[in-house]
Amino acid sequence: MRFDIISVLPGLLESPFAHSILQRAQKKGISEIVVHNLRDYATNKQKSVDDYPYGGGSGMVMTIPPFAACIEKLKSERDYDDIIFMSPDGETLNQRIANQLSIKKNIIILCGHYKGIDQRIRDIYVTREISIGDYVLSGGELPAAVLVDAVVRLIPGVLSDETSALSDSFQDDLLDAPVYTRPADWNGHKVPDILLGGNTPEIEKWRHEQALERTKARRPDLLDKGE
Ligand code: SAH
């Protein structure tokens, strides 16, 4: 799966993809993440990518030409399943969306800045708009990194133990069960006996009950949704 991320601050995206699971996914050739510097597509002398808003008001607006040039170039090279704009007014990212995107082949992600991008880029090119939550960040780079991480870890072969993604929170509209590791006794705080007994069916049953309890207590809305 290939991601092309268009950003005016590509440096912000260097580290998130250079470690751990995302780095491994790229080394294994399962995912390819290419960051494009929007400024390389600016044609004016100042290489500017923003301008004053029509109608006045505060904040700058990202202009159409650099985005259009970069998107057109990418589209001439391969077909894209989706062109996603990271935006606080988009649909809120959740595990269902991450699952949907994990079976796609090529995706472009646009990162906004300042007041946002000219609405016409959204009207002409964007097929999906995704928010990472009801708060406003200064740019779309961190949201893009969040989206790519959530999606790439779901692609088969990325996680060494694939079942661990399947039992993660939200996969079955359930939160994950609590987890423990050694030591079995930490200053009197003990690991539940059931986990030490080695009875796998019983352990699975316990984990499911714990997941259900936790979901009821913390996110009852998830259980209502499943009904
Ligand atoms: N004026 C805009 C916010 C602009 S913030 C509004 O009120 O909706 C600048 C850029 O940061 C946005 O264009 C978007 O790409 C990114 N961004 C900020 N918050 C975000 C969020 N919660 N989810 C996804 N992208 C976000």
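The values are calculated or read from the model by the stated rules, or taken from the named source; none is laboratory data. None of the values given here were measured: they were computed from a predicted structure. Please note: Cβ atoms are built from the backbone with ideal geometry, for glycine as well, and neighbour counts cover all protein chains shown. In case anyone asks, the SASA skips ligands and DNA or RNA and just uses the protein heavy atoms, side chains included. Shrake-Rupley method; radii C 1.70, N 1.55, O 1.52, S 1.80 Å.
Return the only residue of 149, 79 being open to solvent by 30 Å² or more (accessible area, probe 1.4 Å), part of a loop (DSSP other than H, G, I, E, B), within 29 Å of residue 27 (Cβ to Cβ) and more than 9 Å from the ligand (Cβ to nearest atom).
Exactly one residue qualifies, and that residue is 79.
Suppose we filter segment 74-126 for residues that are of a type in the set (D, E, K, R) and more than 20 Å from the chain's Cα centre (by Cα); how many remain?
If we filter segment 74-126 for residues that are of a type in the set (D, E, K, R), which is where we start, we get 75, 77-79, 81-82, 89, 91, 96, 104-105, 115, 118, 120, 122-123.
Subset that is more than 20 Å from the chain's Cα centre (by Cα): 75, 77-79, 115, 118, 120, 123.
Qualifying residue count for the region: 8.
Name the residues in segment 11-47 that are open to solvent by less than 40 Å² (accessible area, probe 1.4 Å) and not β-branched (Val, Ile, Thr), would you?
13, 17, 22, 25, 31, 36, 38, 42
Among the residues of segment 134-144, is any surrounded by 13 or more Cβ atoms within 10 Å (Cβ to Cβ), away from the ligand (no atom under 16 Å from the Cβ) and within 25 Å of residue 26 (Cβ to Cβ)?
no
What about residue 62, is it closer than 30 Å to residue 175 by Cα and either out of contact with any Phe, Trp or Tyr (no Cβ under 8 Å at 6 or more places or on another chain) or within 16 Å of the ligand (Cβ to nearest atom) (or both)? First the steps, then the outcome.
Details: closer than 30 Å to residue 175 by Cα: no; either out of contact with any Phe, Trp or Tyr (no Cβ under 8 Å at 6 or more places or on another chain) or within 16 Å of the ligand (Cβ to nearest atom) (or both): yes.
Here the answer is no, as residue 62 does not meet what is asked.
Taking segment 174-227 as the region of interest, how many residues are of a type in the set (A, V, I, L, M) and not in a helix (DSSP H, G or I)?
Selection size over segment 174-227: 6.
Of everything in segment 90-99, what is more than 16 Å from the ligand (Cβ to nearest atom) and either open to solvent by 70 Å² or more (accessible area, probe 1.4 Å) or among the charged types (D, E, K, R) (or both)? Give them in sequence order.
Of all residues in segment 90-99, those more than 16 Å from the ligand (Cβ to nearest atom) come to 95-96, 99.
Hit for segment 90-99 is 96, nothing else.
So which of 130, 124 ends up being assigned by TED's automatic domain parsing to the domain that holds residue 51 and in contact with a Gly (Cβ under 7 Å, 6 or more places away or on another chain)?
Answer to the check: 130.
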